[in-house]
1. Could you tell me the relative contact order of region 200-302? Use alpha-carbon pairs under 8 Å, at least six residues apart, and round to a whole percent.
2. By the gyration tensor of its Cα atoms, with a ≥ b ≥ c the square roots of the eigenvalues, what is the shape of region 120-304: rounded for a/c under 1.5, prolate for a/b over b/c, or oblate?
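Taken together, the values in this text are just the output of simple stated rules run on the coordinates, not laboratory data. Please read all numbers here as calculations on a predicted model, not as lab measurements.
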Amino acid sequence: MTNPHRVGLASGGCRCMSRRRKSYDDDFVRRDVLVLMGTVLAPQSTKFVPYRYYKMVEDMNAIKSYNWNDFTLGYIYWEKLEPIGVDTFDPLSREYPLMLNWPETEGKKRDDYDNMHGRGTGNIINAYSKHLQHRDFSDRYISTTWFPKFKLNRARGKTKSVNDIDSENLTKKTKVLTRVMDEYFRRDKAYFPMYVNDNHWITIVMHTVKEEFQVLDSNSKGAISQRIRNMIAILRAEISKDIMKANSTLEAKKIPDVSSWPINEYKMPRQKDGVSCGIFVMWCIKYWDGDRWTYEFDQEEINASRPRIVAEIIFSEVNKLEKVKMKIVKIMEKE
């Protein structure tokens, strides 16, 4: 058997050792299982489990205190996301590096592939937006990512939606009036996370005081493309249709039409990678007040914010899974 102190412990060697000893001691069995688990979770593209993983199970008392959740989250998910072009996952082949070690180009390819297959749904943006809306943001309404997509699809004649109940409600007159009054005009600003070019998130702000549509794009090169401008114009036209429909039911003061409001881009911090646009959108919602940035940030701070965003979403008051929160707290207390 290869010396584990030198290059790592091979899973086959571990099984042979188990047969030679013919031992069913619980501690040894657990070691065997954990080493084999390490072979699947963290092979590091070799046929050996690096000794630092095997070393984790040498001290049985340490196993209980080791953060296996962090270990699993850090490896099992990424290990099974191989570069595009591989039909199936083969844990024994170990031909590809962990996704954590992919170059930017491979990460971008995977991101584009996921977006093409409907995985860029904005679930994290929606969860964080609900958390923010529950806090003291009384001057702004925060839309879901689904709403702008529905509006664009409706303009293109695609009335079918993945959520038929919601799409039906959006077209009812009573719902339209409520939406116009409560979402568009009750507050000074309405924020719309918009998915563009099938691979990028930007922030649209309908500013009812300034009477303009603001654009915040972390990947802007100085001026938004005509394609994106056209998409925003379509969203503006669809909102205008809602307003016209709402005005037809009102006898008193009419709601202002937005169809001629200008589309103006505002400067914002630039992203320096190809994957963090969603977080930039969250920070636009949080720190752009329609006139200025209330907090300055950059790519480095965006990167460092990921764990905090997850924690904020999990422990938000809008998350009613209290038992899950308690379990996470208990895990944290063991650290």
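1. In percent, rounded to a whole number, it is 36.
2. prolate
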